[in-house]
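K.L.:
Structure incoming, see below.
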């Protein structure tokens, strides 16, 4: 795979700060009622430092950033997401400030690989998504 | 869950959840999009025509939950490790979707504090009206049995 060039960057933008209210709303709209995302005592009983965000909330924020970036960049316009691979690399906690950005690279005449990452306020990467974009037919 | 069950999870590979059919309303799809800050109307295929962002398929995880429940695994004992989507057609409000989830593989490992089982689930989504496969979801969930 060739190197990304500096012109292929998707700038980092804030996606918000994780709150308990936000996690409860995501549990409602997604149907994921895992209590480690809402109840600190249960989270700690499972060996976690505290309540952690749903991985799919962060993944969804990354997908939302991708959908925003595609029409913004004239090189990406006309492409759509054919597939995505999310890797949950580290936990996201209450109070974490999430920002999302990344880069893309042409894979062929009709395919682009878009790599986005979600970082916390310490600059640590929590979640990454690799998108396969193809030209809309 | 007992260590015996942890050791037997591999024998459960191939287990299937019951087939289900679900129809999402426009309100449900908009609520999801708003919660995850998708541009109003954003979709994987056309940024302006529907509210079907790719991760909307996470709403259809009942099959994973059903299989884990049948194996005696509580949701609180699992973490999400990976999630993949192959997308065919975007979800449309009011369209009936049929899906079935199966446990595709199990890999067991040990860490300093837990016995771990990486359970890979695969779910195929089919549009009821014409039988077309509209998406495939693959998720890897980590079941943790604390040892320390």
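Taken together, the values in this text are just the output of simple stated rules run on the coordinates, not laboratory data. This is a predicted model, so every value here is computed, not measured. With ideal geometry, Cβ positions are generated from the backbone for all residues, glycine too; neighbour counts draw on all protein chains shown.
K.L.:
Fewest first, what order do B:11, B:139 take by the number of other Cβ atoms within 10 Å?
P.N.:
So the residues, fewest neighbours to most, are B:11, B:139.
K.L.:
Enter the mean number of other protein chain beta carbons within 10 Å of the beta carbon of each residue in A:25-31, as an integer.
P.N.:
Mean partner shielding for this stretch: 6.
K.L.:
For the range A:71-121 and the range B:112-134, what is the separation of their Cα centres, given in Å?
P.N.:
22
K.L.:
Per-residue mean of other chain beta-carbon atoms within 10 angstrom of the beta-carbon, peptide B:70-78?
P.N.:
Partner Cβ neighbours, averaged per residue: 3.
K.L.:
Could you tell me the calculated FRET efficiency between residue A:90 and residue B:129, based on Cβ-Cβ distance and R0 = 30 angstrom, to the nearest 0.05?
P.N.:
With a Förster radius of 30 Å, E is 0.15.
K.L.:
Using 7 Å Cα-to-Cβ label points, what is the residue B:70/residue B:31 separation (nm, one decimal)?
P.N.:
Each label point lies 7 Å from its Cα, and together they span 2.8 nm.
K.L.:
What spacing in nm lies between the two simple spin-label points modelled at residue A:14 and residue A:77, each 7 Å away from Cα in the Cβ direction?
P.N.:
Between residue A:14 and residue A:77, the simple spin-label model gives 2.9 nm.
K.L.:
How do A:20, A:114 rank when sorted from fewest to most other Cβ atoms within 10 Å of their own Cβ? Present the calculation step by step, with values, prior to reporting the outcome.
P.N.:
Numbers: A:20 15, A:114 25.
Least crowded to most crowded, the residues run A:20, A:114.
K.L.:
In nm, to one decimal, how far is the modelled label at residue A:28 from the one at residue B:110, with both set 7 Å along Cα→Cβ?
P.N.:
It is 4.5 nm.
K.L.:
OK, next. Among B:85, B:143, rank each residue by its count of other Cβ atoms within 10 Å, from fewest to most, as a rough exposure measure.
P.N.:
The order, fewest Cβ neighbours first, is B:143, B:85.
K.L.:
Using the Cα atoms of chain B to build a convex hull, what is its mean projected area in square nanometres?
P.N.:
9.3
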